[in-house]
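Trainee: Following this message is one structure expressed as structure tokens.
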4 protein chains.
Amino acid sequence: MTDEINSLTELIREFAEKRDWGKFHIPKNLAMAVAGEAGEPVAEFQWLTPEESSKESPSDEMAHAIAMEIADVQIYLLRLADVLGVDISKVVRDKIDYNETRY
Amino acid sequence: MTDEINSLTELIREFAEKRDWGKFHIPKNLAMAVAGEAGEPVAEFQWLTPEESSKESPSDEMAHAIAMEIADVQIYLLRLADVLGVDISKVVRDKIDYNETRY
Amino acid sequence: MTDEINSLTELIREFAEKRDWGKFHIPKNLAMAVAGEAGEPVAEFQWLTPEESSKESPSDEMAHAIAMEIADVQIYLLRLADVLGVDISKVVRDKIDYNETRY
Amino acid sequence: MTDEINSLTELIREFAEKRDWGKFHIPKNLAMAVAGEAGEPVAEFQWLTPEESSKESPSDEMAHAIAMEIADVQIYLLRLADVLGVDISKVVRDKIDYNETRY
């Protein structure tokens with residue numbers, strides 16, 4: 001329980017519980033929130049060439065915006081996993097193992 | 001570096017490097033991969049009522065499918081953060097702190 | 001009412017009504033369906049270079065798949081506009097006019 | 001060519017050509033634009049109950065925002081179809097015919 005994934009999950013859960021957001025944080029809504037947030041980095045990168053999208057190129061302002069958008073996707077993804085009772089670390093490892101057999 | 005987020009990030013990086021996928025794993029493409037995968041749980045939940053989308057309701061088969069889709073979003077999100085040099089744990093904590101001031 | 005947008009909208013409405021899908025076709029769910037379908041062409045193109053994604057390059061099979069995915073997005077988008085009482089032709093023209101003032 | 005879908009497609013094409021946006025409007029980028037815009041109505045509806053998302057409920061301001069977001073998805077979808085040489089009216093009718101055999 002000292003693991004960082006668990007710590008972040010608990011932080012996010014407490015944040016939601018303090019605000020009584022349980023009624024909003026149902027799987028359907030959280031899946032929407034993950035997808036809505038995931039659309040934002042796509043919009044940032046849509047007109048850039050592959051080269052322009054690379055690490056060195058974006059302005060500091062854009063790099064900060066993208067970092068915050070990644071955080072938003074991560075927050076809702078951890079919350080979705082928490083609400084569904086999914087151990088995200090375990091399923092990531094399972095999926096990597098499965099991918100090892102495919103590629 | 002023994003933290004689970006770092007361990008998963010390294011696992012995913014090694015997986016990609018072994019297959020020489022560096023040329024595909026640029027920020028623009030990875031943002032697309034995150035969004036493409038994030039569309040899948042949305043599609044799973046789209047016709048369900050909020051109640052039906054809750055933890056107890058889905059069939060085992062659907063629960064497994066959703067867990068794997070969450071894993072796919074997480075894998076590409078960790079890879080995107082890694083390629084951009086974003087410390088995902090730090091930005092999540094920063095974003096939660098920021099949200100504390102807003103809500 | 002002989003306009004093609006209206007004809008398609010009516011076809012889609014009849015299709016849904018015949019199957020008694022009104023209870024599923026609420027704005028929240030249809031917005032999810034649009035986004036879920038919109039994730040599919042993104043997944044098709046995610047590892048392609050800009051050049052590879054251009055008209056001449058995809059295989060016939062991929063071109064057909066993408067055409068069907070575009071159709072799916074269009075079907076749900078027309079249905080969403082219909083259910084919300086949005087005149088899609090009018091709002092597109094309004095948005096283009098607005099964009100003319102911006103760019 | 002007097003059909004509204006063709007008229008809108010031509011308007012959008014002229015808008016892009018006047019601004020010399022051909023180099024940005026490649027299939028990969030336009031698929032991203034469709035998905036990025038499709039994430040916006042999802043974000044509007046994510047915390048609403050199905051009932052709240054229905055036609056009568058949103059405020060005028062929200063209804064206007066959603067209408068403009070629908071327009072944005074439609075504009076990029078027509079542009080994507082145009083660039084790929086996809087006859088969107090034909091593929092929608094084909095897809096509806098196909099769906100008739102499935103449901």
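Trainee: Spelling out what I want: for every residue of segment C:66-82, take phi, set θ = phi - 60°, compute 6.51 cos²θ - 1.76 cosθ + 1.60 (Karplus), and round to whole Hz; glycine and proline get x.
Mentor: Calculated HN-Hα couplings, in order: 5, 4, 5, 5, 4, 4, 5, 4, 4, 4, 5, 5, 5, 5, 4, 4, 4 Hz.
Trainee: List the trypsin sites (Lys or Arg not before Pro) in segment C:12-103 that DSSP assigns to loop (not H, G, I, E or B) and whose Cβ has at most 16 other Cβ atoms within 10 Å. Which are they?
Mentor: Answer in residue order: C:Arg19, C:Lys23, C:Lys55.
Trainee: Could you compute Rg(Cα) / (2.2 N^0.38 Å) for the protein assembly as shown, with N its residue count?
Mentor: Ratio of Cα Rg to 2.2 N^0.38 Å: 0.96.
Trainee: Another one. At 222 nm, what helix-only mean residue ellipticity would chain A give, in deg cm²/dmol to the nearest 500, using -39500 (n - 2.57) for each DSSP H run of four or more?
Mentor: -24500 deg cm²/dmol
Trainee: May I pose another question? For chain C, what is the relative contact order in percent, using Cα pairs closer than 8 Å and at least 6 residues apart in sequence?
Mentor: 40 percent
Trainee: State which entries of B:Lys28/B:Lys95; C:Lys28/D:Lys90; A:Lys28/B:Lys95; A:Lys28/C:Lys23; A:Lys90/D:Lys28 exceed 25 angstrom in Cα-Cα distance in the structure shown.
Mentor: Table pairs above 25 Å Cα-Cα are C:Lys28/D:Lys90; A:Lys90/D:Lys28.
Trainee: Peptide C:95-101: average number of partner chain Cβ atoms within 10 Å per residue?
Mentor: Other-chain Cβ atoms within 10 Å of each residue's Cβ, averaged: 4.
Trainee: Shape of chain D from its Cα gyration tensor (a ≥ b ≥ c, root eigenvalues): rounded if a/c is under 1.5, otherwise prolate when a/b > b/c, or oblate?
Mentor: It is oblate, given that a/c is not under 1.5 and a/b is not larger than b/c.
Trainee: Under a point-charge model restricted to the Cβ atoms of Lys and Arg (+1) and Asp and Glu (-1), what is the dipole moment magnitude of chain B relative to its Cα centre, in debye to the nearest 20?
Mentor: 600 debye
Trainee: Per residue, how much accessible area does segment C:1-93 have with a 1.4 Å probe, in Å²?
Mentor: 43 Å²
Trainee: Given the rotation that superposes chain D on chain A, what residue of D brings its beta carbon nearest the axis, and what is the distance in Å?
Mentor: Its Cβ sits closest to the axis: D:Gly39, 1.
Trainee: Modelled label-to-label distance, D:Lys90 and D:Asp20, 7 Å Cα→beta-carbon offset: nm?
Mentor: In this crude spin-label approximation the distance works out to 3.4 nm.
Trainee: Which whole-Hz couplings ³J(HN,Hα) result when phi for each residue of segment A:42-48 is put into the Karplus expression 6.51 cos²θ - 1.76 cosθ + 1.60, θ = phi - 60°, listed in order with x for Gly and Pro?
Mentor: 4, 5, 4, 8, 4, 9, 7
Trainee: Can you tell me the dipole magnitude for the protein assembly as shown around its Cα centre, using point charges on the Cβ only (Lys, Arg +1; Asp, Glu -1), in Debye to the nearest 20?
Mentor: For the protein assembly as shown, the charge dipole is close to 0 debye.
Trainee: Output ³J(HN,Hα) for segment B:85-98: one whole-Hz value per residue in order, computed from phi by the Karplus curve 6.51 cos²θ - 1.76 cosθ + 1.60 with θ = phi - 60°, and x for Gly and Pro.
Mentor: x, 8, 7, 5, 5, 5, 5, 5, 4, 4, 5, 5, 4, 4
Trainee: Further question: Specify the angular offset, from 0 to 90 degrees and rounded to the nearest 10, of the alpha carbon long axis of helix D:4-18 from the longest principal axis of the alpha carbons in chain D.
Mentor: That helix lies at roughly 70 degrees to the long axis.
Trainee: Please give, to one decimal in nm, the separation of the simple spin-label points placed at B:Thr49 and B:Glu61, each 7 Å out from Cα toward the Cβ.
Mentor: 2.3 nm
Trainee: Using a 1.4 Å probe, how large is the accessible area of B:Ser89, given in Å² and rounded to the nearest 10?
Mentor: 20 Å²
Trainee: Right, next: Please report, as a whole percent, how much of the solvent-accessible surface of segment D:54-103 comes from carbon and sulfur atoms (probe radius 1.4 Å).
Mentor: Roughly 47 percent, rounded to a whole number.
The values are calculated or read from the model by the stated rules, or taken from the named source; none is laboratory data. Keep in mind the model is a prediction, meaning the values are calculated, not measured. When we count neighbours, we look across all protein chains shown, and the Cβ atoms used for this are built from the backbone with ideal geometry, even at glycine. Accessible surface is based on the protein model in full, side chains and every heavy atom, while ligands, DNA and RNA are left aside. Shrake-Rupley method; radii C 1.70, N 1.55, O 1.52, S 1.80 Å.
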